[in-house]
Amino acid sequence: MSSRSLLTAARAIRRPFLSVPLVLGVVIVIAGASGSAQASTGQAATAARPAAASSPRQFIAAARNAPAAAGTWKLLPAVRVTRQLENLVSVWTGHEMIIHGTFGAYPTRGRVTVAYRPATNTWKRLARGPAWQALETSDVAVWTGSRMLIFGQTNGSYNPAANTWRAVPGPGGPSSRVLGWTGHQVIMWIEGCCGGTSKTGAAYNPKTSTWKSLPASPLQSRLGVMGAWTGRELLLVGGLGSPYKPGTYFRNGAAYNPVTRKWRKIAPMPAAHEGANAVWDGKEVLFIGGHRGRTTQLASHGLAYNPATNRWRWLPNMPYPRSGFVAVWAGHQLLVWGGLTAANIPPPHGEAFNPATNRWTALPPAPLRGRASPTAAWTGRHLIVWGGYIPSDGTPPKEFTDGAAYTP
């Protein structure tokens, strides 16, 4: 069985409802104030819940009527990658985007690392990286200012100055996409293996190449947790209980301060939610996508949390609800591209959300075929997207090795 098949199977275990035929739209269930799935402390001040579109036609009409953002796309030059890559991660170093991916079937596993430099519009093939070490997870990456650290399937540290890798210890369990770089250490929430839940985290010190467990969190054990690093705290919220016990979705959350090594409970979300992309915009954590509790539908409304006021607010409908997309903060707006709609169809374009105006605008169509799970970086001037795949029933997925840059 290929790694893609194994990862797909693992994701199916984690979110069993994804195999159910989906339709556009959203059913929002406001969770109650008690019970393990809903219990939390603190008070949330929220705006009135926005009305949900009730049919696919309303979503399509809203998307067609959405104002278009000004900006241009440019295809990237071809990179000499002869294998279709998956499990993509990337970092922006300040002058180049480093991309790492893997290919092949378990137990043999190839890996490729490349770098794209916008200033010269050129690619460079880099040292490939350490051997694949794990099956039940996917990679995540952070940039420390001098090194690219990857944890998950590949546990390694890459030094661009010397073009060398060294193996590093893994976090002791499947990695989570909720992680942050404090300037001194990587803080990560640890996911449970193979659909299992977890309520723990760990911190990695690059100087000593060691992990240290975080203090016990006040959260119930869960998976699909959402969150982001705010510059001061690792914020975690939502998620669901075991996929084998449907109906256990969480509203509550907590924030971890690495300076004090203490957790604080935060106000509960206005509705249970799991699996959303979370992006820190300097003031709020924006939660886009994912699934509302007790529904099989993609969430159309996002949520925003302000740590300074401990308040939540609803975000307006994203014209094309989607999963498997990339989201980056571009200084004053959130840029979203790629992914698949509930019908497993790539949306016709990306979206931009401006928190100041609280509105979505459509990005110009990209010169790329739509796809799920690309990797992306914001350079300070451009959104670069690369790679990704289109799923296929009964046949291997179509992997892409092309990319483009969008300039707002």
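In the set 282, 201, only one residue is at positive phi, of a type outside the set (Lys, Arg) and either open to solvent by 10 Å² or more (accessible area, probe 1.4 Å) or in a strand (DSSP E or B) (or both); that residue is 282. Out of the stretch 291-318, which residues are in a loop (DSSP other than H, G, I, E, B) and buried (at least 22 other Cβ atoms within 10 Å of the Cβ)? Once the filter is applied, which keeps residues that are in a loop (DSSP other than H, G, I, E, B) and buried (at least 22 other Cβ atoms within 10 Å of the Cβ), the stretch 291-318 yields 293, 299, 300, 318. Strands (runs of 3 or more DSSP E) fully within the stretch 336-389 that include at least 1 residues being among the charged types (D, E, K, R): 351-354, 359-362. Consider the stretch 204-238 and keep the residues that are small (Gly, Ala, Ser) and in a loop (DSSP other than H, G, I, E, B). The one that is nearest to residue 279 (Cα to Cα) is 231.
Determine whether the stretch 126-143 contains at least one residue that is touching a strand residue (DSSP E or B) at 6+ places or on another chain (Cβ under 7 Å) and β-branched (Val, Ile, Thr). Give the steps one after another, and end with the answer.
Kept after step one, since they are touching a strand residue (DSSP E or B) at 6+ places or on another chain (Cβ under 7 Å), are these residues of the stretch 126-143: 126-130, 132, 138-143.
When the remaining residues are screened for being β-branched (Val, Ile, Thr), the result is 140, 142.
Yes, the stretch 126-143 has at least one match.
Summed over the stretch 129-160, the residues that are part of a strand (DSSP E or B) and within 13 Å of residue 179 (Cβ to Cβ) give a count of 7.
Looking for whichever is modelled with pLDDT of 95 or more and on the phi < 0 side of the Ramachandran plot here; the options are 188, 148. Which one fits?
On the way: 188 fails: modelled with pLDDT of 95 or more.
Step by step, each of 188, 148 is checked, and only 148 is modelled with pLDDT of 95 or more and on the phi < 0 side of the Ramachandran plot.
What are the pairs with Cβ atoms under 7 angstrom where one residue, in the stretch 277-292, is in contact (Cβ under 8 Å) with a residue 12 or more places away in the chain and aromatic (Phe, Trp, Tyr) and the other, located anywhere, is buried (at least 23 other Cβ atoms within 10 Å of the Cβ) and not in a strand (DSSP E or B)? Sequence gap at least six, or different chains. Matching pairs, first to second residue: 287/276. A single member of 360, 378 is within 16 Å of the chain's Cα centre (by Cα) and either more than 15 Å from residue 286 (Cβ to Cβ) or not hydroxyl-bearing (Ser, Thr, Tyr) (or both), and it is 378. With respect to residue 361, is the statement that it is among the β-branched types (Val, Ile, Thr) and either without any contact (Cβ under 8 Å) to a residue 60 or more places away in the chain or exposed (fewer than 13 other Cβ atoms within 10 Å of the Cβ) (or both) true? So residue 361 does not fit the description; no.
The condition of being among the polar types (S, T, N, Q) and over 22 Å from the mean Cα position of the chain (by Cα) holds for only one of 252, 257, 205, that being 205. Against the conditions (1) over 16 Å from residue 186 (Cα atoms); (2) under 22 Å from the mean Cα position of the chain (by Cα), residue 141 satisfies every one except (1).
Condition check ((1) of a type in the set (Phe, Trp, Tyr); (2) touching a residue at least 24 places away in the same chain (Cβ under 8 Å); (3) surrounded by 18 or more Cβ atoms within 10 Å (Cβ to Cβ)) across all residues:
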residue	(1), (2), (3)
122	no, yes, no
142	no, yes, yes
153	no, yes, yes
207	no, no, no
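Residue 400 versus (1) open to solvent by less than 30 Å² (accessible area, probe 1.4 Å); (2) at pLDDT 95 or above; (3) of a type in the set (Phe, Trp, Tyr): which is the lone unmet condition? The failed condition is (2). In the stretch 110-127, what count of residues is obtained for those that are hydrophobic (A, V, I, L, M, F, W, C), within 24 Å of the chain's Cα centre (by Cα) and at pLDDT 95 or above? Here the count works out to 2.
Per-residue answers, yes or no, for (1) out of contact with any Ser or Thr (no Cβ under 8 Å at 6 or more places or on another chain); (2) modelled with pLDDT under 65; (3) under 21 Å from residue 401 (Cα atoms):
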{"position": "47", "(1), (2), (3)": "yes, yes, no"}
{"position": "54", "(1), (2), (3)": "yes, yes, no"}
{"position": "65", "(1), (2), (3)": "yes, yes, no"}
{"position": "74", "(1), (2), (3)": "no, no, yes"}
{"position": "80", "(1), (2), (3)": "yes, no, yes"}
{"position": "89", "(1), (2), (3)": "no, no, yes"}
{"position": "102", "(1), (2), (3)": "no, no, yes"}
{"position": "133", "(1), (2), (3)": "no, no, no"}
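Considering the stretch 84-107, and only residues there that are closer than 15 Å to residue 142 by Cα and β-branched (Val, Ile, Thr), the residue that is farthest from the chain's Cα centre (by Cα) turns out to be 93.
The values are calculated or read from the model by the stated rules, or taken from the named source; none is laboratory data. Worth saying up front: this structure is predicted, and the values here are computed from it rather than measured. All Cβ positions, even for glycine, are placed from backbone atoms using ideal geometry, and neighbour counts span all protein chains on display. Side chains are part of the model used for accessible areas, which takes the heavy atoms of the whole protein and leaves out ligands, DNA and RNA. Shrake-Rupley method; radii C 1.70, N 1.55, O 1.52, S 1.80 Å.
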